[in-house]
Amino acid sequence: MLDDFFTRAMIAGVGVALTAGPLGCFVVWRRMAYFGDTMAHSALLGVALSLFFEVNLLLSVFGVAVLVSGLLLLLQRRQSLSADALLGILSHSALAIGLVLVAFMTWVRIDLIAFLFGDILAVTPSDIALIWGGGIVVVAALAFLWRPLIASTVSEDVAEAEGMRPAQAKLFFMLLMALVIAIAMKIVGIMLITSLLIIPAATARRFSASPEWMAVFASLIGAAAVVGGLFGSLTYDTPSGPSIVVAALLLFIMSLLPAFGRKTNERATNQGVRG
Amino acid sequence: MLMRNRADLPLGDHAKDAAKLVSLSNAGIFRDNRWLVRGVDLSIARGEVVTLIGPNGAGKSTTAKMAIGVLKADEGTVTRSSDLRIGYVPQKLSIDWTMPLSVRRLMRLTSSISDQDTMAALEATGIAHLADAEVRHLSGGEFQRALLARALARKPDLLVLDEPVQGVDFAGEAALYDLIRKIRTTTGCGILMISHDLHMVMAGTDTVICLNGHICCRGTPEVVSQSSDYAKLFGANGRALAVYSHNHDHTHLPDGRVQHRDGSITDHCHPEDGHHHEPAAGHDHHHHHDGDHGHHHHGEGKPHA
């Protein structure tokens, strides 16, 4: 079964989507979309460094993503620039430095497009093992950290006061993000990782009655996007990574249609809405 | 040292340190090149209600956050009893609407709470009928009740309430203060409360602490209301400190019906009903209170429509 490249792509893609679902929910809830994007962009720097120092690609990408997120938190604490501007600077600088470094290394030839937009059809059985192994680690860690993470997303002060250690939870969350980016890079590529985190989570919002259900639905919607995107890519001969994102987008648009969505108790119409 | 005008009043009769849930000694927070609050000495024992009052920016929330460990004191010491279980109602809480959160789910935010305890806390705060409503659809007052219920359901040793009745209507305010007092008596927890009204503290408060970057004066509500420091700082327009307590002879139920003191339930108030708070003699806002605080008052003495 694993002999077929299309099947391998499917298994790998679904694995990434299932992992990205719950993590993506936190990215949405914590308004960290741009943050995730910055970490993803820094992955190219990780690729360049891995080639230069001849170290493991995954480790290098993971390390650089962790470093960039740490740097970001440090700079944010100094509050000399808005978080928004800092993210813009780091995001594009990391990407640009990565591209420049790769250009300097005339002795290596890499398929930049594959790194930027993913090469899911070239997935090997060992990649699949990595994706599912890493995915299980990430999901298990999230389940373990679930209460502190949810509590500190709602209020860091309440979480801290009531013994949840929000700073520690945040640190672990950054590590998990970096890990998922390192794993997912090969599948959807650096430029599109954030979309696989955010679009399924945003789509799941309308159907979900609780944070837990939203995480589950985000995983399932992401998996559906991978399946749909890959079949679309096969049928129309389009690049697979972008096709998956387009499929996710189509699901998101469908979720906005009035016929879908959970019936909620729309009390907001006759009572003051709390902003 | 900056100007410190700590009152010479003793710290109270509870000076046995062993029984203290939390004590702050000369504690202060320094941010952005200035002291937000400094030289704070206070402690809370089991069953004690301490109320912080003071103008905006006086450091009330900062002091509370320092007491519960959300902010680390930059000078002085803060000691909490070991395994102190805190229930915290923050002044502000903005939940991103993208997180689907029902009231029932909010209750389990930081600890596992049984369904029974959840419903008991929601009933106590009068929002049991909203258990399955989404938090983002609650009104300000309902949200405040949900936050209070959440803190209660944890069965805390120390309840920290930062303006717990903000946005709650007048009748609801009285009911919530009644509830907070009852919790203190039944569970024996300590309560640190921040009043949203400079001139009002909950009845049953043991110690009032007036803050304005430092502790201006402290004592029982009676002592503070007569303190010259209080009068100098907050006593403009002849307004003194009032103790909030009142009786109401009927309660508006969530479904719009009215329950009377004798337990009977009718669709509307009786014309002969008193007010949600009793006028004149029964009205317990002490000390030449001029009735002009920002709450929604029914006209005193006029029949209730």
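No lab work stands behind these numbers, since they all come straight from the coordinates. Note that the structure is predicted; figures quoted are calculated from it, not measured. Please note: Cβ atoms are built from the backbone with ideal geometry, for glycine as well, and neighbour counts cover all protein chains shown.
Here the Karplus relation 6.51 cos²θ - 1.76 cosθ + 1.60, evaluated at θ = phi - 60°, turns the backbone of segment B:76-82 into coupling constants of x, 10, 10, 10, 10, 5, 5 Hz, with x for every Gly and Pro. Beyond 25 Å, the tail of the calculated P(r) for segment A:1-124 holds 35 percent of the Cα pairs.
When Lys and Arg each count +1 and Asp and Glu each count -1, what net charge do the other residues less than 12 Å away from B:Met193, Cβ to Cβ, add up to? Local net charge: -2. The mean sequence distance of close C-alpha pairs (under 8 Å, at least 6 residues apart), as a share of the length of segment A:13-96, puts its relative contact order at 33 percent.
Averaged over peptide B:106-116, the number of partner chain Cβ atoms lying within 10 Å of each residue's Cβ comes to 3. Across peptide B:56-65, the average count of Cβ atoms from other chains found within 10 Å of a residue's Cβ is 1.
Each peptide in A:96-107, B:42-53, A:178-189 was scored by the mean count of other Cβ atoms within 10 Å over its residues; highest first, the order is A:178-189, B:42-53, A:96-107. Membrane-span-like helices in chain A (whole DSSP H runs, Cα extent of at least 27 Å along the helix axis, mean Kyte-Doolittle hydropathy of at least 0.0): A:5-29, A:33-53, A:57-78, A:83-104, A:125-154, A:166-188, A:211-236. The ranking of B:His214, B:His129, A:His41 from fewest to most other beta carbons within 10 Å of each one's beta carbon is B:His129, B:His214, A:His41. Per-residue packing, averaged as other Cβ atoms within 10 Å, sorts the ranges A:203-212, B:222-231 into the order A:203-212, B:222-231, beginning with the highest.
Electrostatic tally near A:Leu130: other residues with Cβ closer than 13 Å to its Cβ, Lys and Arg +1, Asp and Glu -1, net +1. Inter-chain Cβ neighbour count for A:156-168, averaged per residue, equals 6 (cutoff 10 Å, partner chain atoms only). Shape class of segment B:95-154 from the Cα gyration tensor (axes a ≥ b ≥ c, square roots of the eigenvalues): oblate, since a/c reaches 1.5 or more and a/b does not exceed b/c. Quick one: grab the alpha carbon gyration tensor of chain A, order the square roots of its eigenvalues as a ≥ b ≥ c, and give me rounded if a/c is under 1.5, else prolate or oblate depending on whether a/b is larger than b/c. Oblate shape, in that a/c is at least 1.5 and b/c is the bigger or equal ratio.
Residues whose amide H comes within less than 5 Å of that of B:Cys216, counting only those at least five positions distant or on another chain, are B:Cys210, B:Leu211 (H built at 1.01 Å from N in the peptide plane).
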